[in-house]
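Notes follow once the structure below has been shown.
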C-alpha cells in the first residue's frame, strides 16, 4: 500500500526566504506526482505535475523535482510571499491506468510566510 | 476558471438527515470521478471511485450503503450521505481527471448537529 509522507508538517518563514518542502513515497511505481495548494476550508489548486519520466517542473517561483528511484520529491519556493501561506499537499497516482487515476495524498505541510 | 463545480459548499443539518453533494465537470466529460474525505488537520483520503453507467468502487472501510454514489451522466456524479451522524462531519471533495491531471471541486463542508 502506497504511503506518502511530507516533512515538515508545519513551517514558518519570513517573507523573501527561499524554502523547500519534502515529500516521500514508499512505492516507486507511480504514474505521476502532483503538488497542490489548499487554502483553509477550500479545495485544491494544482501547482505542478511531474510525470514519472520527468525529473522536474517549473512554474514561476515554484520548482518541483522528482527522484522516483528514491521515492522523493521536493517543492522549492523562491522569494516567498505572505500570499504563499497555505497547506501544500503532494499526491501520487499509481501506474497501470494509462491516465490520471486516484491519488494518494501526503500529510501536508502548513506554510506560513510572515511579514 | 474552475473546471469542476461542487455544490453545496457548506451544509449544516440535524442528525439523521440525508445530504446530497453534486460534482460536475464543466466543458469536459468525465467517465470517472473520485470522492475524497478530509477530517480536520488530516490529509485527503479516497472514499470511492465513481464510474459512469456502473457501480462505484469503494475503498476499504467505506460503507457503500451509507455513502451512495450515482454517476448518471458523463458530467455529473453525486454523493449522498444517508442518515448522517456527527461522526460524518467532514470536508468532502470530488475530483475528475482531465488529460494527465486531476481537477478538484471546491469541496463541501458537512456539519451534522
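What follows draws every value from the coordinates through simple rules; no lab data is involved. Worth saying up front: this structure is predicted, and the values here are computed from it rather than measured. We place every Cβ from the backbone using ideal geometry, glycine too, and count neighbours over all the protein chains shown.
Starting from the Cα gyration tensor of chain B, take the square roots of the eigenvalues, sort them a ≥ b ≥ c, and report rounded, prolate or oblate (rounded when a/c is under 1.5, otherwise prolate if a/b is larger than b/c, else oblate). Cα axes put chain B in the prolate bin. Partner shielding of B:94-104 amounts to 6, given as the average count of beta-carbon atoms from other chains within 10 Å of each residue beta-carbon. Contact order, relative form, for chain B: 37 percent (alpha carbon pairs under 8 Å, 6 or more residues apart, mean separation divided by residue count). The ranking of A:90, B:13, B:23 from fewest to most other beta carbons within 10 Å of each one's beta carbon is B:13, B:23, A:90. Seen through its C-alpha gyration tensor, with square-root eigenvalues sorted a ≥ b ≥ c, region B:71-113 comes out oblate because a/c lies at 1.5 or above while a/b is not bigger than b/c. Take each residue of peptide B:43-50, count the partner chain Cβ atoms within 10 Å of its Cβ, and average: the result is 4.
One chain, two ends: residue B:45 and residue B:27. Fully extended at 0.36 nm per residue, the span grows by 3.8 nm beyond their Cα-Cα distance. By other beta-carbon atoms within 10 Å, ranking A:73, B:90, B:111 with the fewest at the front produces B:111, B:90, A:73.
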